[in-house]
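What follows is a short report on a single structure.
The values are calculated or read from the model by the stated rules, or taken from the named source; none is laboratory data. Note that this is a predicted model, so its numbers are computed, not measured. Here the Cβ is made from the backbone with ideal geometry for all residues, glycine too, and neighbour counts use every protein chain on show.
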Amino acid sequence: MAFQIRRGTNAQRLTIIPLQGELIFTTDTKALYVGDGTTIGGVAVGSGGGAAPSGPSNDYGLFGDEDYGSFATPAGDEDYGTF
C-alpha cells in the first residue's frame, strides 16, 4: 500500500476539520497543513505561531533551504497512529 496525503483545493480544505496529525496538501496553492482536531482546514506547516528564529538553524524543509523549526512530542505520548 502506498503512503498518500489527503489532498484537494484550498477551498475544499476549508470545509473540513482534519484529525490530529492528519496531513493535507492543497493542489492549487501547493501548501501543506496538519490537523489538530479542532482547527478548520488545519494549521499551515511551518507557521509555528512563534517568533522567527534569530540565527542559523539545523532544521530544514523538504528542499533543504526552508527553516520550519522543530517538532516535539509530549513526554509519555506513545500514540503514533496506525499504518
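Points worth noting:
- Annotation: A72 fulfils all but one of (1) within 14 Å of the chain's Cα centre (by Cα); (2) at pLDDT 55 or above; (3) exposed (fewer than 12 other Cβ atoms within 10 Å of the Cβ); the unmet one is (2).
- Flag for G49 being exposed (fewer than 10 other Cβ atoms within 10 Å of the Cβ) and modelled with pLDDT under 50: no
- Against the conditions (1) at pLDDT 95 or above; (2) exposed (fewer than 14 other Cβ atoms within 10 Å of the Cβ); (3) part of a loop (DSSP other than H, G, I, E, B), I16 satisfies every one except (2).
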